[in-house]
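Values quoted throughout were computed directly from the atomic coordinates according to the rules given, and no laboratory measurement underlies them. The structure presented is a predicted model; accordingly, all values stated were derived computationally and were not measured. Every residue, glycine among them, receives a Cβ derived from its backbone with ideal geometry; neighbour counts consider all protein chains shown.
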Amino acid sequence: MRANLVRAAPTTLFSSASSIRVPRACIVSKWLQSHGYATLETAKPQTVPLRKRLKDEAKRKKAEARTNSPKTAKSKETQPEQWELTVGIEIHAELNTACKLFSSAPAAAADSNALPNTNVAPFDAALPGTQPQFQIATLLPALRAAIALGCEVQRKSGWDRKHYFHWDQPNGYQITQYYQPFAEDGSLRLTAEDGVPKDDLNGAEEIAIGIKQIQMEQDTAKTTHHPPSTYHVDLNRAGHPLIEIITLPQIHSPQTAAALARKIQGILKSVDACVTGMELGGLRADVNVSVHKRGTSGSSHYGGVSGLGQRTEIKNLSSFAAIENAIVAEQNRQISVLEAGGVIEGETRGFTLGATETTRLRGKEGEVDYRYMPDADLPPLIIGSDLVAHLKDTLPELPDETVARLQKEYGLSSKDARTLASLDDGDRLEYMEETVKLLSSRLGPDEQKKAKLGKAVGNWVLHELGGMFTTSEMWQRCPITEVELADLIANVLQKQITSRTAKQLLVSLYDLPADGKRPTIEQLIEDGNLRLRPLSDEQYVELAEQIMDENRDLVETAKGRWQKGKMMWFVGQMVRRSEDGTVEPEKAKEVVRKLLEEA
Amino acid sequence: MNAIINEINTPTPHSTGSLKGKTIAIKDNIVTTSTPTTAASKTIHNYTSPFDATVVELLRSHGASISSKTNLDEFGMGSHSQQSFFGPTVSPFKRHGVALSAGGSSGGSAVAVAQGQVWAALGTDTGGSVRLPAAWTGVVGFKPSYGLLSRWGVIQYANSLDTVGILSRRVADARTVFEALNVFDSQDPTSLPRSVRQRIAARKERNSAKGLRIGVPTSYIISELSPAVRAAYSSTLTSLQNSGHTLIPIDSPTTQQALLAYYILAPAEASSNLAKYDGIRYGFRPPGPDARPKLNMPLYATTRGQGFGDEVQRRILLGAYTLSSEAMGNYFLQAQKIRRLVQQDFDRVFAMSHPLHDNATSSTGDESGKGVDIILTPTAPILPPTIEEVEQQSAVERYMNDVFTVPPSLAGLPAASVPVALPVSVQAELGADDVKTAGMQVIGQFGDDELVLEAAEIVEGLR
């Protein structure tokens, strides 16, 4: 059933894939343990999305009914503007590596077609007598990420065990960097273009969000449910390297939080630190949320920021929308509790996309004690400053730098530049730049105004060609080569064909198999007799006069009064009546204007 | 005696090398592909490893014939080899007709060697598990410096302390096995790298056998030291002095705290290392779902509750507690500090500096400022108790046997237990079936394993 659905509507692939994915182990197990039920049966809700959704829906309705009772009067008086929201985010990203963090088994992402439990070294299955062997190469993408996020790479960091029982955690602990993370004190700048709301910018060009630390750690195994009560554990992902990025609580709007996550994803992709984005489960986020009344100082502090209200944590958000909506929901909940004279409990909460409220998973009393302990098998991680310097020097262009360059070199608008830079993992940008290069060499020095060409190509790549591809996969199969597109645009710019013709050519090319035998753009233009053969000046006048004669009444209303609309009607008629590609609207307009003035 | 859990019948195909034709037993917490490796636990009583431990491969490649897997205290946790899923191992010696404790946890290996069933045996030594059974069964037990012998394939108990140790009848045999195993192994992240091994090798062209400066820790003359062991210790020291060695009283103020620190750190690491035994991927698992939410029994409570024996459960619980966020500061961190003090205590008295430490604690040595070459202590404060006495002991009383073996373990130092004859007067008081020897422990500076073996040979040769 699900397979059919996916085939019929490719766009649902992402959402269903991410809902199949089981939540991170720590959350699941903490939650299960805190509720005391950890049987296979009770774990069902996570892997039966529909049932869970229905259940959550029912719960939400119940909660709504509750708030609609006596409290409603108060909640209606909620004054959100009096409250300041404070948010910090933790983002988990799967690193792009060839092997696992502590074994030479291939990493899950490097071999996504592997049969379950085939990419498993003895240590990954926690066989007796096995030990971790740190794989130095996994450090490279982690370091690139840390550098791109402006962090200080620590010369010495360490490995710690975080203990909890769950079947997706074979050793009974996760190896992470709790006491000494490898990177600290980073910062990210966000602007309105990134999605920061005006209020949050408060007149400034940009805001900076501090990154407290980045740590490396192991991913968990994957659980799949085989109804009614069988669960399969696939260890291929167990031990895959992750980084956890922890920001300071310096975010003050839900949109900014989502913008930050989006920006981090963009940066991680641009430096090749991670393979898949949030939509494919390569990124997951936890957010901590607190509110306090403006002008007052709360009594809580964390991450070095004081004066905050009591915070709650919302775990395992797997989309940007979920981050934003969860924060909105939790902000509203906290404000209404506080305004009703209540107290916020430090607790862990969950959020389902589409819900209007977060739900309590466990309170402080249900807190799992992770019993962090340094891993005595692993020596400290010592990172030389020469390696960091080398990676800094060879770091790929970051998204903000790309956008600035596109605007400067190709004269693209900020919006187009951002879109181009973010599409298709940079493939689209590469395609565009290659096309501009080809076009410049074709058109010779006179017309080599890079900005103009860049703008034209940008427009074709983004809008004309872009309109034909609605998903990333379609783009990957784009049958139109850079050479063909450059030829096409060259013909338009040299007024050999009209834009309309060019667009039609694009569509017909799209349907022709790209087997090397298909005709070139020039051939297509010749074969279709599409080349623009402009009418002579006399022919223009003749055609215009003919149409005017047929429509004397319109001429009367149009003449002398500069009704542009009427004038353009005549131009349109001229284009329509003549053979395709023979009338240039600009020229036709001049002729019509002149005749109307004389009439 | 119940020393053997599994016999290995596969003959060694080729036999050349330093261990040619020698039969060697392996403690059953070191994995082998040819037979199950059980750690004497119900949890993995039917588990067979898909790979051989590095030390097992090395023994074979030097021509040894691996003859059997020996009994132990479950996962190496115990001092009497009584806590085994396969039943207790007992010593061949008896007192008034009652079997004596073989010591633990490598009791099976010690008994197999003592009885001549094998030429030598591998054990593991975390806080004395090779040295104590060696002392109580009258054989040689050698625990090398931490990091010299590979732990790949050694089932972890407390991985910052675990070492592979060797049991044999003669010190020379222990050396032969040690030399075969003493190589770097990239599969063990705590294996000392070649560069450090070379540094260690380069610096010990010092005084050997003749004229050792022997440290005698005054604080080891504790009230628990039995008259018999004390007599053996005194006569050994006297003999050494008579042979031209110098006895130097040394101060080691942390001896008593060391035992406390050990029984915090080892269980803490055990609670972590044994978390993997959940019955999911291998090992014992009771039928039915393993959780009883209504009875407040979370995941794996049944599997682990039934799979582990009492002593293992005790140490896991102890460790889980000392690692908990409430208790960590008072126990685990304090114990780590004591561990550091113990290391500094040793560094202060040895003439040779620690090859892994910067000159943070430079050796001040004794009054003459020269420092000692080795330290000599009894291996255990008492002669082996009978198994009946063991049964009546509390857990804490049992832990007391490790008081002399734990300090070098905490510091990662090489130490060997050598049997010395009990004075005739003591032997006369004991019955004919009783032990005739007591174990003396030679401790050396980190990396000074060769000197420890030489000194052990000197002690062995005293008469």
Requested in this report: For A:Gln82 paired with A:Arg533, estimate the spin-label separation in nm (one decimal), with each label point 7 Å from Cα along the Cα-to-Cβ line.
Outcome: 8.0 nm
Query raised in the report: What are the aspartates and glutamates whose alpha-carbon lies under 16 Å from the alpha-carbon of A:Lys222, with same-chain residues fewer than 8 places away excluded?
Result: A:Glu94, A:Asp111, A:Asp124, A:Asp168, A:Asp234
Report task. Rounded to whole Å and sorted largest first, list the principal axis extents of the Cα atoms in the stretch A:399-527. Result -> 44, 38, 23
Report summary line: Largest-first semi-axes in Å of the equivalent ellipsoid built from the Cα gyration tensor of the protein assembly as shown are 75, 32, 27
Report summary line: Square roots of five times the C-alpha gyration tensor eigenvalues of the stretch A:186-242, ordered largest first and given in whole Å, equal 42, 17, 7
Report summary line: Computed over all unlike Cα pairs, the Kirkwood hydrodynamic radius of the stretch B:39-108 in Å stands at 13.5 Å
Report summary line: Residues A:Thr557, B:Thr32 in order from fewest to most other beta-carbon atoms within 10 Å are A:Thr557, B:Thr32
Requested in this report: Using label points projected 7 Å from each Cα along Cα→Cβ, tell me how many nm separate B:Arg340 and B:Ala421, to one decimal.
Outcome: 4.8 nm
Requested in this report: Express in nm, to one decimal, how much length is gained between A:Glu152 and A:Met568 on full extension, taking 0.36 nm for each residue of separation and deducting their alpha carbon distance.
Outcome: 143.5 nm
**Report entry** Charge sum, other residues only, whose C-beta stays under 9 Å from B:Ser417's C-beta, Lys/Arg counted +1 and Asp/Glu -1
**Finding:** +2
Report summary line: Rounded to the angstrom and largest first, Cα extents along the principal axes for the stretch B:172-245 equal 47, 30, 25
Requested in this report: Kindly put B:Thr405, B:Thr163 in sequence by how many other C-beta atoms sit within 10 Å of each C-beta, fewest to most.
Outcome: B:Thr163, B:Thr405
Query - Neighbour-count order for A:Ile267, B:Ile221, fewest beta carbons within 10 angstrom listed first - result: B:Ile221, A:Ile267
**Report entry** Distance from the stretch A:495-511 to the stretch A:344-390 (C-alpha centre basis), Å
**Finding:** 54 Å
Requested in this report: For chain B, just the Cα set please: Rg and Dmax, both in angstrom.
Outcome: 21.1, 72
Query - Projected-area average for the stretch A:227-320 over all orientations - Cα convex hull basis, square nanometres - result: 9.0 nm²
Requested in this report: Note down the nm distance, to one decimal, between modelled labels 7 Å out along Cα→Cβ at A:Arg593 and at A:Met468.
Outcome: 3.5 nm
Report task. Would you check the stretch A:399-527 for Lys pairs whose C-alpha atoms are within less than 18 Å, ignoring same-chain pairs closer than 8 in sequence, and give me the count? Result -> 16
Query raised in the report: Rounded to the nearest 0.05, what FRET efficiency is calculated for B:Lys370 and B:Val196 with R0 set to 41 Å and r the Cβ-Cβ distance?
Result: 0.95
Query raised in the report: Stokes-Einstein D for the stretch A:537-598 at 4 °C, 1.567 mPa s, Kirkwood Rh over Cα pairs, in µm²/s?
Result: 114 µm²/s
Report summary line: One finds, for A:Tyr510 and A:Thr359 with R0 = 41 angstrom and r their Cβ-Cβ distance, a FRET efficiency to the nearest 0.05 of 0.30
Report task. Return the average number of partner chain Cβ atoms within 10 angstrom of each residue Cβ along peptide B:316-326. Result -> 2
Requested in this report: Could you tell me what % of all Cα pairs in the stretch B:224-332 have separations over 24 Å?
Outcome: 52 percent
Requested in this report: Give the calculated FRET efficiency between B:Glu224 and A:Ala208 to the nearest 0.05, with a Förster radius of 56 Å applied to their Cβ-Cβ distance.
Outcome: 0.30
Query raised in the report: P(r) tail for the stretch B:128-285, what percent of Cα pairs lie past 28 Å?
Result: 39 percent
Report task. Round to a whole angstrom and tell me the spacing of the C-alpha centers of the stretch B:86-117 and the stretch B:251-292. Result -> 25 Å
Query raised in the report: Which of A:Lys198/A:Lys263; B:Lys27/B:Lys143; B:Lys94/B:Lys143 have a Cα-Cα distance over 23 Å?
Result: B:Lys94/B:Lys143
Query raised in the report: 222 nm [θ] for chain B, helices only, -39500 (n - 2.57) per DSSP H run of 4+, per residue, to 500?
Result: -9500 deg cm²/dmol
